1. When you go through (1) free of Cβ contacts under 8 Å to residues at least 40 places away in the same chain; (2) under 19 Å from residue 137 (Cα atoms); (3) buried (at least 19 other Cβ atoms within 10 Å of the Cβ) one by one for residue 24, which number turns out not to apply?
2. For segment 164-189, what are the residues that are in a loop (DSSP other than H, G, I, E, B), within 24 Å of residue 100 (Cα to Cα) and either touching a strand residue (DSSP E or B) at 6+ places or on another chain (Cβ under 7 Å) or in contact (Cβ under 8 Å) with a residue 40 or more places away in the chain (or both)?
3. Can you find, within segment 181-228, the residue that is surrounded by the most Cβ atoms within 10 Å (Cβ to Cβ) among those that are closer than 30 Å to residue 27 by Cα and modelled with pLDDT of 60 or more?
4. Restricting the first residue to segment 62-91 and requiring it to be on the phi > 0 side of the Ramachandran plot and in contact (Cβ under 8 Å) with a residue 24 or more places away in the chain, which pairs with a second residue that is surrounded by fewer than 20 Cβ atoms within 10 Å (Cβ to Cβ) and in a helix (DSSP H, G or I) meet a Cβ separation below 8 Å and a spacing of at least six or different chains?
5. Does segment 67-86 contain any residue that is surrounded by fewer than 17 Cβ atoms within 10 Å (Cβ to Cβ), within 22 Å of residue 155 (Cβ to Cβ) and within 16 Å of the chain's Cα centre (by Cα)?
6. Filter segment 149-163 down to the residues that are in contact with a strand residue (DSSP E or B) (Cβ under 6 Å, 6 or more places away or on another chain) and within 18 Å of residue 112 (Cα to Cα), then identify the one that is surrounded by the fewest Cβ atoms within 10 Å (Cβ to Cβ).
7. Identify, from the list 20, 15, the residue that is at pLDDT below 85 and either within 22 Å of residue 111 (Cβ to Cβ) or touching a helix residue (DSSP H, G or I) at 6+ places or on another chain (Cβ under 9 Å) (or both).
């Protein structure tokens, strides 16, 4: 009977999570092709576990409960590898893919339907007080490894490429790559859905260097032809 009671508790918890965190569970299926079934998502997705822990800790933090919110998130960090400050503001539908090494600071603000890959840091730039962490708009996708630092805003529907370092505001519908982050594309119109391809992004510096190399090759070719004609 004890094992049956334990099973019922687990099933009950899973049902509650499925209802209360419907947007986050839905995000797992929409944005991760490896998500096969509900039980697998509820039991094994560390990003979802971190968000569930955060929601509980955030509620306690808003009630001014001391120590316990930070303790909950410390345990969650140990279990998931994801560090979220309980005072951060996170909208519905956040999906953290894999998640190891993700850090979300105290005054960070995350909009709805945002996607974070592993190694993302939403951090501050010093010991200043007040708002010192980034604000992410709705539908933002942050690739693997970027560092987004300071009280800056990433506009909605933007994409940050893998390992970029962003320290300035990014307008809506933009693509950012590089160190420091450079805006490589800005769209003036909304595009449907969420594009998760954060690896095949344009790099204007590389494109310009390639263009210069092409021009140099053409000049060298003309010089060789000119020398041949002179000889």
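The values are calculated or read from the model by the stated rules, or taken from the named source; none is laboratory data. Since the model is a prediction, treat every value here as computed from it, not as a measurement. All Cβ positions, even for glycine, are placed from backbone atoms using ideal geometry, and neighbour counts span all protein chains on display.
1. Condition not satisfied by residue 24: (1).
2. 164, 167, 179, 180, 181 - these are the residues of segment 164-189 that are in a loop (DSSP other than H, G, I, E, B), within 24 Å of residue 100 (Cα to Cα) and either touching a strand residue (DSSP E or B) at 6+ places or on another chain (Cβ under 7 Å) or in contact (Cβ under 8 Å) with a residue 40 or more places away in the chain (or both).
3. To start, the set of residues in segment 181-228 that are closer than 30 Å to residue 27 by Cα comprises 181-203.
This time we only want the ones that are modelled with pLDDT of 60 or more, so: 181-187.
Details: 181: 22, 182: 17, 183: 17, 184: 19, 185: 14, 186: 14, 187: 13.
Across segment 181-228, the extreme among qualifying residues is 181.
4. Final answer for the pair search is 81/46.
5. no
6. Ranking the candidates gives 153 first.
7. On inspection, the qualifying residue turns out to be 20.
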